[in-house]
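Since the structure comes first, as structure tokens, the remarks are kept for the end.
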Amino acid sequence: MQAPASSAALRSFATSKAAKIFMLVARIVLGAVFVYAAYVKLRDPWELFAMSINSYDILPLAMAETAARVIPWFELALGLMVMAGIWLRISGTILSLVLLTFFALMLRAYAKGMQSNCGCFGPGEAISWKTLLRDGSMVAAAIAMTCLAFLQRRKTAA
């Protein structure tokens, strides 16, 4: 059975030079953003990040403190994996889900009029339309990168 023309066109694009350049740029940029975000959070006292997490009012304080200690290390590992292209289908999917979660929490806080600190790059960054635009763009790039990773893999496996 032959694949529909749109599916073939997608797979053809996924292996094109433009797609490969996009993948490289997306991997480097998104990975570097995660590494930088982790660095900033690890450089500052973890309590500052815990306060940012707590301002979203979704976790008890003890869990927010634990998250503040764990998330930066997770971001660092994930950023390095994406930059290196290690298990890109898995790391890209996780990156997309993490960014989507962060974005949804920011959108919720913004819609509720909460005076939450974004927490993305350390303390002091209030949620605004600019942070939503930036993070929404990163979500879109991460999802596109992940989709291309799956399409490229499928093409080479076939």
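Every number here is computed from the coordinates shown, using simple stated rules; none is lab data. If you're wondering where the values come from, they're calculated on a predicted model, not measured in any experiment. A quick note on method: Cβ atoms are made from the backbone with ideal geometry, for glycine too, and the neighbour counts reach across all protein chains shown.
Taking 7 Å steps out from each Cα toward its Cβ at residue 80 and residue 25 produces label points 2.7 nm apart. Across 45, 123, 72, mean-square fluctuation computed from a Gaussian network of the chain (C-alpha pairs under 10 Å connected) peaks at 45.
Ranked by how many other Cβ atoms sit within 10 Å of their own Cβ, fewest first, the residues 105, 61, 30, 42 fall in the order 61, 42, 105, 30. Per-residue Cβ neighbour counts within 10 Å put 127, 71 in the sequence 71, 127, beginning with the fewest.
Neighbour counts of other Cβ atoms within 10 Å put 75, 65 in the fewest-to-most order 65, 75.
Fraction of C-alpha pairs exceeding 24 angstrom in the chain: 40 percent, rounded to a whole number.
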